[in-house]
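The values are calculated or read from the model by the stated rules, or taken from the named source; none is laboratory data. Because the structure is a prediction, the values reported are computed rather than measured. All Cβ positions, even for glycine, are placed from backbone atoms using ideal geometry, and neighbour counts span all protein chains on display.
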There are 2 protein chains.
Amino acid sequence: MDTLEKVDAYWRAANYLSVGQIYLLDNPLLTEPLTAAHIKPRLLGHWGTTPGLNFVFAHLNRVITERGQDMIYIAGPGHGGPAAVAHAWLEGSYSETYPDVSQDAAGMRRLFRQFSFPGGIPSHVAPETPGSIHEGGELGYSLAHAYGAAFDNPGLVVACVIGDGEAETGPLAASWHSNKFTDPERDGAVLPILHLNGYKIANPTVLSRIPAEELTKLMEGYGYRPYTVEGEDPAAMHKLMADTLDAVFDDIAAGLQPMIILRTPKGWTGPKEVDGVPVEGTWRSHQVPLASVRENPAHLAMLEQWMRSYRPEELFGADGRPVPEILGTVPSGDLRMSASPHANGGKLLRPLVLPDFRDYAVDVPSPGTATTEPTRVLGGFLRDVMAANEANFRIMGPDETDSNRLSAVFDTTDRAWNAQILPTDQHLARGGRVMEVLSEHLCQGWLEGYLLTGRHGLFNCYEAFIHIIDAMFNQHAKWLSTTRKIPWRRPVASLNYLLSSHVWRQDHNGFSHQDPGFLDVVVNKKAEVVRVYLPPDANTLLSVADHCLRSRDYVNVIVAGKQPVLDLFGPDEAITHCTRGLGIIDWASTDAGEEPDVVLACAGDVPTLETLAAAALLREHLPSLRVRVVNVVDLMRLQPSAEHPHGMPDAEFDALFTTDRPVIFNFHGYPWLIHRLTYRRTGHPNIHVRGYKEEGTTTTPFDMAMLNDIDRYHLVMDVVDRVPGLGATQAHLRQRMSDARLRARAYTREHGEDLPEVRDWTWSH
Amino acid sequence: MDTLEKVDAYWRAANYLSVGQIYLLDNPLLTEPLTAAHIKPRLLGHWGTTPGLNFVFAHLNRVITERGQDMIYIAGPGHGGPAAVAHAWLEGSYSETYPDVSQDAAGMRRLFRQFSFPGGIPSHVAPETPGSIHEGGELGYSLAHAYGAAFDNPGLVVACVIGDGEAETGPLAASWHSNKFTDPERDGAVLPILHLNGYKIANPTVLSRIPAEELTKLMEGYGYRPYTVEGEDPAAMHKLMADTLDAVFDDIAAGLQPMIILRTPKGWTGPKEVDGVPVEGTWRSHQVPLASVRENPAHLAMLEQWMRSYRPEELFGADGRPVPEILGTVPSGDLRMSASPHANGGKLLRPLVLPDFRDYAVDVPSPGTATTEPTRVLGGFLRDVMAANEANFRIMGPDETDSNRLSAVFDTTDRAWNAQILPTDQHLARGGRVMEVLSEHLCQGWLEGYLLTGRHGLFNCYEAFIHIIDAMFNQHAKWLSTTRKIPWRRPVASLNYLLSSHVWRQDHNGFSHQDPGFLDVVVNKKAEVVRVYLPPDANTLLSVADHCLRSRDYVNVIVAGKQPVLDLFGPDEAITHCTRGLGIIDWASTDAGEEPDVVLACAGDVPTLETLAAAALLREHLPSLRVRVVNVVDLMRLQPSAEHPHGMPDAEFDALFTTDRPVIFNFHGYPWLIHRLTYRRTGHPNIHVRGYKEEGTTTTPFDMAMLNDIDRYHLVMDVVDRVPGLGATQAHLRQRMSDARLRARAYTREHGEDLPEVRDWTWSH
């Protein structure tokens, strides 16, 4: 066999193994005529995209072998799961990873049977698939993942097959422009392969039906050098693809940005026609081209004919092992794409070099007397994290790093930029490691790709707009949940969100910018992979950030403000408080170790300040009332210990919150989240939660608090209403608070700013 | 004045009014020297994009006037709120809408003062802004909104200014391809105007920094004919823009697809330099170019000089009215873009012509004995809705209309398609009114634009992937919440979601396709705009769909399966059940009007079937147990009546669910949503919820149920565990159920499909 004959044989073997996975329970080598008993009762899989995925993989292997090229493979059409599994088996890595699926007839039988079968493996490319960092679920993220994998990986080529269905999605459409954020020196190369097989589930695709010259312009407009590989005759296509890849890899070596437009029939090499209608080359081959194989002898015969068309007897020995020649272009060891350590990033993970965060802490000689902008302090810490971790840490954000006051990072690095730079620009450079693009999808996709290949990072975002990537978060959390159960998947760095410019300080941008609901989306995912932190001041933010940057396999959500808040915890107290996750603020409490009359609980910086202010008002007006102030940093502590690893045992919870005293809980987000976390607690009927109740507009910060009844005055009114006996005796105090609210609002409406005594969010004056 | 002088004067007036809104409390006509007292204490607004928005608007007015062109204006950079408000005031529609903001000096003072001021109006283009259907909040949806507005609006031109920041987002990048889904005969035209002012908040934009020829190719690749208008000298730019628009509107008349690339400096005509650094033409002019006007006399002087540079004395009379000449190119009546009825779609809303849904109902002679695919039945109804409402109803979906079994609609219409069509294609045509594109963002954006301009529609989607548009849903729900408080905004048709291929029937696609969390996102929004329905069978689905299609100003979420489920309700019973929103299923209950021993509650088709199966098992094994089966269709009924308009009074809730008997609630989604809705109810401590607990993979339907403990056997075990006394006496029944689960799982793992007795989701045989 010459090289291309070997590639062809390998391709036929991969196609054979793919069809086998979709259809066969038994008789994997077709050693006997196929019968209904050999066929799976439920046919679940996607054939349509698979032969194309196999074709690309086979050809890339030749390039790897000939050039010693380090490469990974991202299958955008990840529902073509049989393809990825087939390659891992052919390359031997499947049997290394799963020894019971050996590279022989017994193993092939198991390989076929387990696919899309209860107790077996998923039908899509999944965490279980060796060589993959990209789940075949929701579409649109392959190219962003590819670029994320390439950042800080010089020498690596990330081959990314993009389905033409996926190419219609927004995130994918935006991802093409990722090439404006790469640095040829610092980063690896991404090779996009737009695979036009022409159809989605039931429809043609847009990019397959526009004029070819329009598509070429589109790709050139995106900044790529497009090569077209089109046809259906295998021999001609092998030649064309091989020649094209040679040119493409020469381009890459020369620092150019090639991409390939690959046009092949959907379901290529599958049944051409079934029951009188065309199948190959149409949407009908999207899933299983032959749907009634068990019941319909004609379909069964077609399946057998189809599988035999790959000439398995030339490809596998009687023992089921691939004959050596068809593996002639397969690379070995870590160069196998199905065994690349880049695709099991934990293998390459180097812990961050972290400076002592206490060196950045604010001095707090007396709590609650001075103010600091928490994210600005964090910026100093992050600057030195970036400096100490070249090529191992990046910050992503939709053009908000400065706005979120992390500007200190620009003392040590720049914004990544590979387009025109003007003299007036600031902190813009090819080598920059702050990734700013006005696309939360790209920030998320890049970061996922970066983390899954073994590096670390942080995504800073306006709180309201993080909902843009709800769906991507869901998929990543699912990936982590699954990989935790897969021993050979090594832990990767956590995905860290810093949500700033949050709901309570979007008074200037108005209602559309006010939404704390991402937390609700997050806590829907498996307890073992999600963490939510609401540090109330600068030092607790530092402590939480340090903790998150050291963690593995989590999604950490940190909500922290950029506006000045009171310094509440000294550096050591901050560590203690964050380690506990919640605790009593002694200096604000008046229960003196006794059972309190009321608990004022709080989570989030602004709700905490208002709670402290309310406690001060209570000290002033009701000095004999025993008030306990509890601040919650780690939201998951509120859950029962059976529900979440951070959950508090009932006894501790009861000791802190009491079982029978009113708890006024002032919360950053939607109030019912607190109910959802605490409904199993004994004292739950006494917990009254204030939070964002979807009231807002362009106004002042304190007016935002009043609109949602989380302000100090309303909290005091709540105490009067809830503590037995106070309602009757303290009607005047209640009225006074109500009047204070009216006064604050009237002042605001007249002067356009908050009353001096509530401004700057201090309560002591 | 010649025409372009009038346009220039109008532009200067709009710029003057924009600056005034951002800065001034008083002295609107600068009749006295500006002092600190005239300046707002907080300067909140976005100048950078505003002069460009004003420039485009001024020029479009000339075209409207000269050609009598029906047009609306979408400001993608909607944070340029002062622009939209200024035009509405100049065109007179602001004063018509808000009479206290009169078109004179007093009104101008009020106009300035109210902007971004507590108790005033938002800083962004908002529902409060006449002439807008596009909120200036989250970026990326302008072009999709524009196309949605244009569908079925022949004769209308939707001018859409796209900011170059926004252009980096995924949804916007995908939106360009909307032109493959238009029909020149049936639809209006969209005129995209890509406004390159070069900067986001702190960064240059990608499209402003790629070579000009690359950008041209990109636009040609997207299928447009690009015209470039570039410069900063006003006179030259007026001429160029006017000539370009003449050519562009000739193109539109000829059925071509022009677009404009407009390059102007950011903050054009504003301060060139402040404190020694360049401002005009840089990111520094994004918000307020002069930040310290109150404190810094030099800044104050620059502001005055800036405002006077527009020569207000030429533009406004001493009474503050615009002088007639500057309004010489302003259209009148409904042709004013700020007064277009298209931008207040409720004005144009025609109710749908709806056939009697009972004509499509399934006969149910005996409940629980036959099965039907609910969405297939709905498809028949929708087919006739489409037929009866030409140009007034569209269905959107990401290539899933067939997959979701609504295929009957293709008997009356096609999929919209304006690219190449091959002989093998089916149901693809220019005039089609089913919009299928593999982008949930586009489906959502198109539908929003379509609804807000006064038409009706339905978005069908896989349940898991609707999370892709969480953020867009949030913004639309906020829009509706706000418009409900604005008397001049007329009600529009509700946004209807049909979520099918839901979590319980994604056993074949696996974990990535399993997520029922959209409901949690939805119920975070204001109770008065959100509705959630879980019809358990075909007839209840019909009844719910009919109700939703008649409703106004809501977001309706319907979750319904496409797989066969038992027919439970006859047509009339379905109406009764859906009208009540929840109710007892008598034939499955054994409480015979007495207080039950246990309540089996359920919501969602699969949980309902499992609950009915559990009730049957209980009838068989524990015939003396009084079981009440309650099905919930309208999820909002569970909330207290004080929380939601559909909420049930406590007395009714208590009568149905009891206050002290165990309630085993089998729920479609994440279980805590039920707790969140019911935590205020007396009987809440007795409610035990089963639901999706994030367990899944590629397996069988019944195994999915078992993985999450919502299966019939586990429900019976729950009853044994929860009903006092049964734990001791019925240990054998519990064991039997547990064995049944093991047997079901073993069978599945061996045979690859469910046990016959649980297959097809029937419980009686």
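What to note about this one:
- Selection count, the range A:657-690, where residues are in contact with a Ser or Thr (Cβ under 6 Å, 6 or more places away or on another chain) and either closer than 27 Å to A:Arg749 by Cβ or part of a helix (DSSP H, G or I) (or both): 2
- Where a residue in the range B:135-149 is free of Cβ contacts under 8 Å to residues at least 60 places away in the same chain and its partner, wherever it lies, is among the polar types (S, T, N, Q), with Cβ under 6 Å and at least six apart: none
- Tally, over the range A:494-510, of residues that are of a type in the set (Gly, Ala, Ser) and touching a Pro at 6+ places or on another chain (Cβ under 9 Å): 2
- Scanning the range B:440-493 for residues that are farther than 26 Å from A:Gly696 by Cα and of a type in the set (S, T, N, Q) gives a single hit, B:Asn460.
- Among residues of the range A:72-94 that are surrounded by fewer than 24 Cβ atoms within 10 Å (Cβ to Cβ) and in a helix (DSSP H, G or I), those with a beta-carbon under 6 Å from a residue that is modelled with pLDDT of 95 or more and small (Gly, Ala, Ser) at least six positions away or on a different chain give the pairs A:Ser93/A:Ser338; A:Ser93/A:Ala339.
Residue-wise test of (1) of a type in the set (Asp, Glu); (2) over 19 Å from B:Leu111 (Cα atoms).
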| position | (1), (2) |
| --- | --- |
| B:Asp26 | yes, no |
| B:His38 | no, no |
| B:Pro41 | no, no |
| B:Gly48 | no, yes |
| B:Asn54 | no, no |
| B:Ile64 | no, yes |
| B:Gln69 | no, yes |
| B:Gly76 | no, yes |
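- Of the residues contained in the range A:376-395, one or more are found to be crowded, with 19+ Cβ neighbours inside 10 Å and either within 30 Å of A:Val63 (Cα to Cα) or not assigned by the TED database to the domain that holds A:Trp488 (or both).
- Scanning the range B:124-165 for residues that are among the acidic types (Asp, Glu), in contact with a His (Cβ under 9 Å, 6 or more places away or on another chain) and more than 7 Å from chain A (Cβ to nearest Cβ) yields a single hit, B:Asp164.
- Test: residue in the range A:486-507 that is facing chain B (nearest Cβ under 9 Å), at negative phi and modelled with pLDDT under 95: yes
- The criterion of being surrounded by fewer than 19 Cβ atoms within 10 Å (Cβ to Cβ), part of a loop (DSSP other than H, G, I, E, B) and away from chain B (no Cβ under 14 Å) does not hold for A:Asp359.
- Per the conditions (1) of a type in the set (Asp, Glu); (2) free of Cβ contacts under 8 Å to residues at least 12 places away in the same chain; (3) touching a strand residue (DSSP E or B) at 6+ places or on another chain (Cβ under 7 Å), the sole criterion not satisfied by A:Asp709 is (2).
- Identity of the residue in the range B:397-420, facing chain A (nearest Cβ under 8 Å) and among the charged types (D, E, K, R), that ends up surrounded by the fewest Cβ atoms within 10 Å (Cβ to Cβ): B:Asp402
- Qualifying residue in the range A:536-553 (condition: under 14 Å from the mean Cα position of the chain (by Cα) and more than 30 Å from B:Lys478 (Cβ to Cβ)): yes
- Summed over the range A:23-35, residues that are away from every other protein chain (no Cβ under 12 Å) and either loosely packed, with under 13 Cβ neighbours inside 10 Å or acidic (Asp, Glu) (or both) total 3.
- Taken across the range B:633-656, residues that are in contact with a Cys (Cβ under 6 Å, 6 or more places away or on another chain) and assigned to a loop (DSSP other than H, G, I, E, B) do occur, with at least one present.
- Members of the range B:177-203 that are facing chain A (nearest Cβ under 8 Å) and either surrounded by fewer than 24 Cβ atoms within 10 Å (Cβ to Cβ) or within 30 Å of B:Arg394 (Cα to Cα) (or both): B:His177, B:Lys180, B:Ile201, B:Ala202
- Of the residues making up the range B:591-625, those that are acidic (Asp, Glu) and closer than 21 Å to B:Asp654 by Cβ number 4.
- Filtered residue count, the range B:424-461, keeping only those that are within 9 Å of chain A (Cβ to nearest Cβ), out of contact with any Lys or Arg (no Cβ under 6 Å at 6 or more places or on another chain) and either closer than 22 Å to A:Ala167 by Cα or of a type in the set (D, E, K, R) (or both): 7
- Residue ID - surrounded by the fewest Cβ atoms within 10 Å (Cβ to Cβ), chosen from residues in the range A:691-738 that are among the charged types (D, E, K, R) and in a loop (DSSP other than H, G, I, E, B): A:Glu695
- In this structure, B:Val248 does satisfy being free of Cβ contacts under 8 Å to residues at least 60 places away in the same chain and within 39 Å of the chain's Cα centre (by Cα).
- Per the conditions (1) farther than 16 Å from B:Ile469 by Cα; (2) assigned to a loop (DSSP other than H, G, I, E, B), the sole criterion not satisfied by A:Leu498 is (2).
- Cβ-Cβ under 7 Å pairs, at least 6 apart or on other chains, the range A:1-28 side charged (D, E, K, R), far side modelled with pLDDT of 95 or more and not in a helix (DSSP H, G or I): A:Lys6/A:Gly328; A:Lys6/A:Thr329; A:Arg12/A:Tyr310; A:Arg12/A:Arg311
- Screening B:Gly431, B:Gly445 for residues that are assigned to a loop (DSSP other than H, G, I, E, B) and either free of Cβ contacts under 8 Å to residues at least 60 places away in the same chain or out of contact with any strand residue (DSSP E or B) (no Cβ under 7 Å at 6 or more places or on another chain) (or both) leaves exactly one candidate, B:Gly431.
Residue-by-condition table, conditions (1) closer than 19 Å to A:Arg42 by Cα; (2) within 14 Å of chain A (Cβ to nearest Cβ); (3) not acidic (Asp, Glu):
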{"position": "B:Lys693", "(1), (2), (3)": "no, yes, yes"}
{"position": "B:Thr697", "(1), (2), (3)": "yes, yes, yes"}
{"position": "B:Met704", "(1), (2), (3)": "yes, yes, yes"}
{"position": "B:Arg712", "(1), (2), (3)": "no, no, yes"}
{"position": "B:Val723", "(1), (2), (3)": "no, no, yes"}
{"position": "B:Ala728", "(1), (2), (3)": "no, no, yes"}
{"position": "B:Arg743", "(1), (2), (3)": "no, yes, yes"}
{"position": "B:Glu753", "(1), (2), (3)": "yes, yes, no"}
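- Within the range A:204-234, the only residue that satisfies the criterion of being of a type in the set (A, V, I, L, M), within 14 Å of another protein chain (Cβ to nearest Cβ) and over 24 Å from B:Ala212 (Cα atoms) is A:Val206.
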